[in-house]
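**Q** Okay, handing you the structure first.
The values are calculated or read from the model by the stated rules, or taken from the named source; none is laboratory data. The structure presented is a predicted model; accordingly, all values stated were derived computationally and were not measured. Here the Cβ positions follow ideal geometry from the backbone for every residue, glycine too, while neighbour counts run over all protein chains shown.
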Amino acid sequence: MAWNEPGGGKKDDPWGGGGRGGGGGDQGPPDLDEALRKLQNQLSRVFGGGGGGGGASIGGGGFSARAVAVVVGVALAAYFLLGFYTLDEQERGVVFRFGAVQEQVAMPGLRWRPRGIDEVTPVNVTRVFSEGHSALMLTEDQNIVDVSLTVQYIVANPIDYAVNVRQPQVSLQQATESALRHVVGGSTMDDVIGEGREVMAGSVQERLQSYLDSYGSGMSVRSVNLDRGAPPAQVESAFDDVQRAREDEVRFVNEANAYAEQIIPESRGDAQRIIEQAQAYRDQVVARAEGESDRFTRLLVEYQAASEVTRNRLYIDAIESVLENVSKVFMDVEGGNNMLYLPLDQLRRGTGSSNTTPRANSGGSQDAAIRDLADAVLREIESRPTNARRPR
């Protein structure tokens with residue numbers, strides 16, 4: 001007899017209780033078969049099966065085939081519907097099957113995956129991401145500069161981006177700082193805060209891309225912009241003074257170049273004018289010398305033909321030219337120590353004051369007075385002996 005059959009004694013109960021019937025003593029633990037039968041009856045009532053207190057056991061096939069089919073169908077439908085997902089046009093899906101990445105990425109659109117088997121990680125491959133970085137760095141000439149830059153990048157390989165690097169942004173920041181420190185450490189401060197920043201940005205981009213490729217990050221750097229390159233705030237005023245001095249230097253150089261561009265053509269023009277004047281003076285002197293020599297040659301012929309007349313004429317012309325430039329003339333008087341005084345200046349003033357004609361006629365009267373005076377002197381000279389005609 002089983003311990004739990006009706007009529008069993010208390011001694012047969014392993015828990016020390018009486019039977020299930022309700023004899024005296026403590027109540028024993030619930031019967032497992034009874035609990036299973038109750039559950040079966042409830043499920044049978046839910047899915048249309050027969051109820052009753054004496055239902056069949058689980059092993060006896062209490063569930064109907066229809067109920068099982070409905071449960072399985074609902075479960076399969078839910079599993080199938082939960083497997084659908086969508087990807088935008090900007091996204092690509094990285095597929096993991098049982099944790100292993102698949103070579104084929106999921107394309108945009110409505111897609112389906114078996115849940116529990118495949119997991120899909122969407123990755124945006126068209127958006128341009130921006131990452132900023134700034135730090136104090138040491139240049140090649142032992143100066144500290146404050147440099148800030150912005151890196152713009154896209155995801156070129158979604159599989160590498162999702163698998164090879166655990167934290168892509170952190171890796172990008174560290175690679176950016178390494179590349180920036182390498183480039184700034186090989187440049188002078190003038191290049192960092194001056195005109196060499198564009199060249200530095202290109203060098204940083206090239207080095208940063210090589211770092212990311214070595215990591216297998218799947219990121220492609222589009223551009224690197226050096227936003228700021230300046231000395232630290234503690235010494236910024238001193239560097240501003242230096243920068244203004246350099247700007248003044250550039251301005252002075254430009255002004256000097258402009259002045260040179262202006263004065264050089266003028267100097268060349270003056271030089272050319274002086275050269276042409278010298279050439280004209282040379283031609284004038286040469287022509288005058290040639291004329292004088294020709295005149296002397298002709299005068300020599302006349303002198304050889306009539307020497308006395310030519311000598312007197314030359315003397316008269318010389319006296320006339322001399323008297324035109326002096327105001328007083330003294331001449332020796334024959335037979336005594338007295339000298340003849342000719343006040344030419346008074347004669348000219350008298351001639352000019354007595355002449356009331358216009359100024360154009362004043363010159364002619366003065367010439368006439370001088371000619372008369374020269375004739376008087378010539379007559380005086382001719383009246384003397386030949387040996388006394390030469391002036392002392």
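**Q** Checking the structure you have, find out if any residue of segment 271-284 is out of contact with any His (no Cβ under 7 Å at 6 or more places or on another chain), assigned to a helix (DSSP H, G or I), surrounded by fewer than 10 Cβ atoms within 10 Å (Cβ to Cβ) and acidic (Asp, Glu).
**A** There is no residue in segment 271-284 that is out of contact with any His (no Cβ under 7 Å at 6 or more places or on another chain), assigned to a helix (DSSP H, G or I), surrounded by fewer than 10 Cβ atoms within 10 Å (Cβ to Cβ) and acidic (Asp, Glu).
**Q** Now, a different point. Does residue 239 satisfy being out of contact with any helix residue (DSSP H, G or I) (no Cβ under 7 Å at 6 or more places or on another chain) and either at pLDDT below 90 or under 16 Å from residue 193 (Cβ atoms) (or both)?
**A** Against the criterion (out of contact with any helix residue (DSSP H, G or I) (no Cβ under 7 Å at 6 or more places or on another chain) and either at pLDDT below 90 or under 16 Å from residue 193 (Cβ atoms) (or both)), residue 239 qualifies.
**Q** While we're on this one: Those residues that are out of contact with any strand residue (DSSP E or B) (no Cβ under 9 Å at 6 or more places or on another chain) and part of a helix (DSSP H, G or I), I need them from segment 76-117; list them, please.
**A** 76, 77, 78, 79, 81
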